[in-house]
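Novice: Right, I'll just put the structure down here and ask away after.
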């Protein structure tokens, strides 16, 4: 066949359900339920799990008890248990709790940075300097997130060059990998390809991750487009946990099950057991009392 | 940019909501509501609308009154109003009702053909011969549908060569265009490309349509893959009308709004007004008392 498909043979999924997902669900759940979720994801074969966040529970009540979650989970060799850390204090707490890795975040849009964390992009990066130094001293890898890479709820269009500039800065500060996120899910396949094409001129493709939201149903098409650009790392959330705070009732993170199904169809390795994953997703949906946000899970579980 | 993207500049969407969609909704609705739906779709800019089906209302109660729908709708110049016709009797009724075009269907899977219409694929094609002759005499174009092209609920895998064979037969019988359908939504992007790549060896790409179901969330990725194979015709259903009879509670036809959003992002022309389309979809969902199956519509209408 003359198909011009040079897709990666292997993909690593970063499971963000326990953090990015649960953080955006209205209802906080118990530490025990969070531990169960992480253990279930472990058992399903996920190799990187964002377990929790070390922020003030005053601001994000859903993330209360992240230290207890870290100490309560069963650790599987080779699996990376990650924490989101907004500052040095959060980093120290994550380290004490036993996080293998931490993640920091910045926005690609000035307006989003101001409205979301009340400072400019460069100020937000500046605030990570002491965290980065402490992480380096403790030999803890730091992952970077860039949000609003394909659109901003306040600014609209976001220039790919601006995403490159923030990603470049995160690498310069010491991040080993940067995940670029379509936070509001407005991106489409062509723009996704163009963005990664630009980023890859300066940054090795294997250090770039894609983080897509399914708000407009585009996430899988965007992931397929990213694969065509040689991207091998994707963030996803079991059962599509996490809504979209900028459009009530709309879908948030792409469901891990749906990504796994796509990868299976493409013959791309990932190491995840789809039926165990779907069971894990349904279990947490039952805890939350919400509908399952994965189409694959709904189809599989209704058969 | 060095992106190898030779996508079509223009796409024609075939709106199947009033027929394929409503036929698979549990609850039959009134003729007046069907007329309103078609008129709304008209106003949103759809150029081909599958208005109804001329089958026995004993078998498909949702399609009762298709003749009244055809006579009741406002006709817009240049718009094609299509009817599904299983046999000569249906064709004659469609012609009398004023259908501009008719559509016939066959399966790519023997098991599906047997279970769905109780005969073999070749018998089912044989049964269309008198209809095709009557259509030719009346100068009515006939569109062909092939179902189960990427998988069958009974047989599992379906060989692309089998799809080619049925499509070839439909063209040989006089169809001007053939739409190949992933009836149970199991297909993924790589298989979609491979299928169209094979079909296009014998059949001009501009005579092939793609009909995708979102049961496993793959429809938009499959449409993006099809666009990359030069396919310019897609079937879709406003608000994702139509469930999947083979997986209860699962999603059926891809939502027209979601396809339009993808095409907008890719800069591909289609002539459809997304906000009027989303309003039309929400209106029919309210009539049916069902949740809107379009993620784009949910996001747009919740803002």
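FYI, it's all coordinate maths here, none of it is from the lab. None of these values were measured; they are calculated from a predicted model. Virtual Cβ from ideal backbone geometry, glycine too; neighbours counted across all protein chains shown.
Novice: For chain A, set up a GNM with springs between Cα atoms under 10 Å and report which of A:231, A:73, A:223 has the largest fluctuation.
Specialist: Residue with maximal mean-square fluctuation among A:231, A:73, A:223: A:73.
Novice: Using helices alone, what [θ] at 222 nm do you get for the protein assembly as shown, with -39,500 (n - 2.57) per DSSP H run of 4 or more residues, divided over all residues and rounded to the nearest 500?
Specialist: That calculation yields -12000 deg cm²/dmol at 222 nm.
Novice: I've got another one for you. Ordered shortest first, which distances in nm separate the 7 Å Cα→C-beta label point of residue B:10 from those of the other copies?
Specialist: 4.8
Novice: In peptide B:221-228, how many Cβ atoms from other protein chains are near each Cβ within 10 Å, on average?
Specialist: 6
Novice: Is the protein assembly as shown rounded, prolate or oblate when judged by the Cα gyration tensor, a ≥ b ≥ c being the square roots of its eigenvalues, rounded requiring a/c under 1.5 and prolate requiring a/b larger than b/c?
Specialist: Because a/c hits 1.5 or more and a/b exceeds b/c, the protein assembly as shown counts as prolate.
Novice: Could you work out the mean count of beta carbons from other protein chains within 10 Å of each residue's beta carbon in A:266-276?
Specialist: Other-chain Cβ atoms within 10 Å of each residue's Cβ, averaged: 1.
Novice: OK, next. For the protein assembly as shown, what proportion of DSSP beta bridges, expressed in % and rounded to the nearest 5, is antiparallel?
Specialist: Once the DSSP bridges in the protein assembly as shown are tallied, antiparallel ones form about 10 percent.
Novice: I'd like the FRET efficiency for residue A:9 and residue B:138, computed as 1/(1 + (r/R0)^6) with the beta carbon distance as r and R0 of 51 Å, rounded to 0.05.
Specialist: 0.40
Novice: OK, next. Hey, with R₀ at 22 Å, roughly what FRET efficiency would residue B:172 and residue B:201 work out to, going by the Cβ-Cβ distance, to 0.05?
Specialist: Here the calculated transfer efficiency is 0.85.
Novice: Look at the axis of the rotation that sends chain B onto chain A, then give the chain B residue with the nearest Cβ and the distance in whole Å.
Specialist: Residue plus distance in Å, as requested: B:221, 2.
Novice: Now for a different question. Tell me, what is the percent relative contact order of chain B, built from C-alpha pairs under 8 Å that lie six or more residues apart?
Specialist: Value for chain B: 20 percent.
Novice: Find the relative contact order for the stretch B:150-303 and round it to a whole percent, using C-alpha pairs within less than 8 Å whose residues are 6+ positions apart.
Specialist: 18
Novice: Right, another one. Using 12 Å as the cut-off for backbone N distance, which residues of the stretch B:51-69 belong to the label zone defined by a point 7 Å from the Cα of residue B:96 along Cα→Cβ?
Specialist: Residues B:67-68 qualify, since their backbone N sits under 12 Å from the label point.
Novice: For residue A:98, place a label point 7 Å out from Cα along the Cα→Cβ vector, do the same in each other copy, and report the separations in nm, one decimal, smallest first.
Specialist: Between copies, matching label points for residue A:98 lie 7.4 nm apart.
Novice: Looking only at other chains, what is the average number of their beta-carbon atoms within 10 angstrom of each beta-carbon in A:208-217?
Specialist: Per residue, the number of nearby Cβ atoms from other chains is 4 on average.
Novice: Sort chain A into rounded, prolate or oblate with this rule: let a ≥ b ≥ c be the square roots of the eigenvalues of the Cα gyration tensor; rounded if a/c is under 1.5, and if a/c is not under 1.5, prolate when a/b is larger than b/c, oblate otherwise.
Specialist: rounded
Novice: Could you tell me the calculated FRET efficiency between residue A:74 and residue A:303, based on Cβ-Cβ distance and R0 = 25 angstrom, to the nearest 0.05?
Specialist: Result of the calculation: an efficiency of 0.25.
Novice: Points 7 angstrom from Cα along the Cβ direction at residue B:31 and residue A:47: gap in nanometres?
Specialist: Reported label-point gap for residue B:31 and residue A:47 is 6.3 nm.
Novice: Sort shortest first the distances from residue A:47 to its counterpart in every other copy, using label points 7 Å along the Cα-to-beta-carbon line, and give them in nm.
Specialist: So the distances to the same position in the other copies read 4.7 nm.
Novice: Related question: Nearest 5 is fine: what % of DSSP beta bridges in the stretch A:13-301 come out antiparallel, could you say?
Specialist: Antiparallel: roughly 10 percent of the beta bridges in the stretch A:13-301.
Novice: Rounded if a/c is under 1.5, else prolate if a/b is larger than b/c, else oblate: which is the stretch A:152-256, with a ≥ b ≥ c the root eigenvalues of its Cα gyration tensor?
Specialist: prolate
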